[in-house]
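Taken together, the values in this text are just the output of simple stated rules run on the coordinates, not laboratory data. The structure displayed is predicted, hence computed values, not measured ones. Counting neighbours? That spans all protein chains shown, and the Cβs are built from the backbone with ideal geometry, glycine included.
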Amino acid sequence: MNKTQWITVGAGAVLVAVLFLFGRTVPEKTTLKAAEQHSANDGHNHESSSITIDTLLAFYKKAMPKDLQKRAAILEKTAQKTTEKDEKLHAFHQLSRFWADTGRAFEPFAFYKAEAARLESSEKNLTFAAHLFLDNLQNEETPEWRKWKALQAKDLFERSLTINPGNDSSKVGLGACYLFGGISAAPMEGIMKIREVADKDSTNLYAQITLAKGSLFSGQYDKAITRLEIVNRIKSDDLDAILLLADAYERTNDKKKAIAMYEKSLPLSKQAELKSAIEKRIEELKK
């Protein structure tokens, strides 16, 4: 399994559902060339992306039938023109549903979810939208797309933290944006934000799992195992932690423990596609 596979397997039901809904009908991302992107990026500012929502919308609409392009344009125009809050919120929700149900593209769907959350300024909705981006970017292999998603999530977490500065989950999420999103020249900036929460409360499972993912990503498998074993002791039915721990054992060539963890995950795996992938991996390890 490569570095992106453990993230995909370990991300749980939400990410699996997002990949299923949005992963099958989109065009190749390599067609979105840097020359067509945001010209203001000079390559030195880490907290900026050469991708904008306008380039993303143009990218996805190019592959759509003309009638759907026109429908999207009408919805966009409505959202841009109206100044009344409720009407604008309604327009954002319509756009979000359009891109989820018809356009079937994650980025515009999540962006308009985020725009509605920003307008409402609700902690609950801001964090929901932030986690949409954060969960998805961990499976994103195109660096500039990953950075754009991380910047969206970062902004949403920061807005949420202005409402509730004591929300440890949002602090960890913000740190994860730095850790996985490529938005900073120093990933330790993200790690320190997460460690602040983990050091304060060693039983914070989200912080421990996020730090473990960071250790896996950087090849520090023993550190990842230590943190994931803590999580497994505290919450033995956490599917995310079990799958990540199984992968960490694999990476340290401990096949017996890896198989045990994968087998432990099977009763907890509700998606048939995920369950099948785990069963296949167990068979391969037993050879």
Legend entry - Computed label-point distance, nm, for sites Arg97 and Ser236 using a 7 Å Cα→Cβ extension: 4.5 nm
Inset, instruction - Apply the Karplus parameterisation 6.51 cos²θ - 1.76 cosθ + 1.60, with θ equal to phi minus 60°, to every residue of region 154-170 and state each ³J(HN,Hα) to the nearest whole Hz, in sequence, with x for glycine and proline. - result: 4, 4, 5, 5, 5, 5, 4, 6, 6, 7, 9, x, x, 6, 5, 4, 5
Legend entry - Rough spin-label spacing in nm, given labels placed 7 Å along Cα→Cβ, for Lys66 and Glu263: 6.1 nm
Legend entry - aspartates and glutamates with Cα under 19 Å of Lys193, excluding same-chain neighbours fewer than 8 positions away: Glu47, Asp135, Asp155, Glu158, Asp168, Asp201
Inset, instruction - May I ask which of Lys62/Lys113; Lys149/Lys257; Lys70/Lys149; Lys213/Lys264; Lys61/Lys171; Lys70/Lys113 have a Cα-Cα span longer than 24 Å here? - result: Lys149/Lys257; Lys70/Lys149; Lys61/Lys171
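Report the net charge of residues surrounding Arg118, where surrounding means a beta-carbon distance below 14 angstrom and charges are Lys +1, Arg +1, Asp -1, Glu -1.
Local charge sum for Arg118: +1.
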Inset, instruction - Calculate, in nm to one decimal, what Thr203 and Ala73 gain on full extension: separation in residues at 0.36 nm each, minus their alpha carbon distance. - result: 42.0 nm
Inset, instruction - Quick one: Debye curve from the alpha-carbon atoms of region 140-287 only, equal weights, vacuum; give me log10 I(q)/I(0) at q = 0.17 Å⁻¹ to two decimals. - result: -1.02
Legend entry - Å³ per residue enclosed by the Cα convex hull of region 107-165: 63 Å³
Legend entry - FRET efficiency, Ser184 to Leu119 (Cβ-Cβ, R0 25 Å, nearest 0.05): 0.35
